[in-house]
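The values are calculated or read from the model by the stated rules, or taken from the named source; none is laboratory data. Please read all numbers here as calculations on a predicted model, not as lab measurements. Cβ placement follows ideal geometry from the backbone for every residue including glycine, while neighbour counts extend to all protein chains displayed.
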Amino acid sequence: MKTKFLLVLTSIIFIAAACNRAPTGPVVKLAGELIKVELADSVAEQVAGLSGRTGLSDDQGMWFVFDQSDRYIFWMKGMKFPIDIVWVKANKIVEIDQNIDPQIGAADTDLRLYQPVEPVDRVLELPAGWSGRHGLKIGDSVEFFQNN
């Protein structure tokens, strides 16, 4: 009886620890939440972005890393779902574009261009509405972690 109890207790502790474990791989922390991110730190990855994908789960995003600050231009070419774009400089949010429409079927020349008002060195793309649901605002801190 005592052995059975210890086995059940050990199983419960193991399951609880597994559920509370931090995600592995790169993550961005903002608004007290951890977002698993795919890194876009090469030109090829930045050009492709999230194009052609069908969506993101609420705890996923794409983290664009640039060598220098600039007013980078983004567009929704090949996108199949709406997103939020969080513009970041020196680990602080400088601007947020929310619920950006993918403009499915629009010609490339008709796609809207998105550009921050000031130079940035990072950009975070999130599922549409995430920034509003979590109360993101300009000046909020953004932290990047490379978990293993």
| query | Looking at the stretch 116-133, which of its residues are more than 13 Å from the chain's Cα centre (by Cα), of a type outside the set (Gly, Ala, Ser) and either exposed (fewer than 15 other Cβ atoms within 10 Å of the Cβ) or not in a loop (DSSP other than H, G, I, E, B) (or both)? | reply | Val117, Glu118, Pro119, Val120, Asp121, Arg133
| query | Mind checking which residues of the stretch 85-122 are touching a Pro at 6+ places or on another chain (Cβ under 7 Å) and more than 15 Å from Gly52 (Cα to Cα)? | reply | Trp87, Lys89, Val94, Glu95, Asn99, Ile100
| Is there any pair linking a residue in the stretch 114-127 that is farther than 8 Å from Val94 by Cα and modelled with pLDDT of 95 or more to one that is assigned to a loop (DSSP other than H, G, I, E, B) and of a type in the set (Asp, Glu), with Cβ under 8 Å and at least six apart or on different chains, and which? | Pro127/Asp58
| task | Please note which strands (runs of 3 or more DSSP E) are completely contained in the stretch 34-109 and include at least 1 residues that are hydroxyl-bearing (Ser, Thr, Tyr). | result | 60-70
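Of everything in the stretch 82-115, what is farther than 23 Å from Lys36 by Cα and either of a type outside the set (Ser, Thr, Tyr) or surrounded by 14 or more Cβ atoms within 10 Å (Cβ to Cβ) (or both)? Give them in sequence order.
Just the residues of the stretch 82-115 that are farther than 23 Å from Lys36 by Cα, to begin with: 103-115.
Answer for the stretch 82-115, where residues must be farther than 23 Å from Lys36 by Cα and either of a type outside the set (Ser, Thr, Tyr) or surrounded by 14 or more Cβ atoms within 10 Å (Cβ to Cβ) (or both): Gln103, Ile104, Gly105, Ala106, Ala107, Asp108, Asp110, Leu111, Arg112, Leu113, Tyr114, Gln115.
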| field | Candidate set: the stretch 137-148, residues that are part of a loop (DSSP other than H, G, I, E, B) and surrounded by fewer than 20 Cβ atoms within 10 Å (Cβ to Cβ); chosen: the one modelled with the lowest pLDDT | value | Asn148
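Applying the selection to the stretch 77-130, what residues are of a type in the set (S, T, N, Q) and either in contact with a Lys or Arg (Cβ under 7 Å, 6 or more places away or on another chain) or over 19 Å from Val65 (Cα atoms) (or both)? Show your work before the answer.
In the first step, residues of the stretch 77-130 are kept if they are of a type in the set (S, T, N, Q); the result is 91, 98-99, 103, 109, 115.
Within the stretch 77-130, Gln98, Asn99, Gln103, Thr109, Gln115 meet the criteria.
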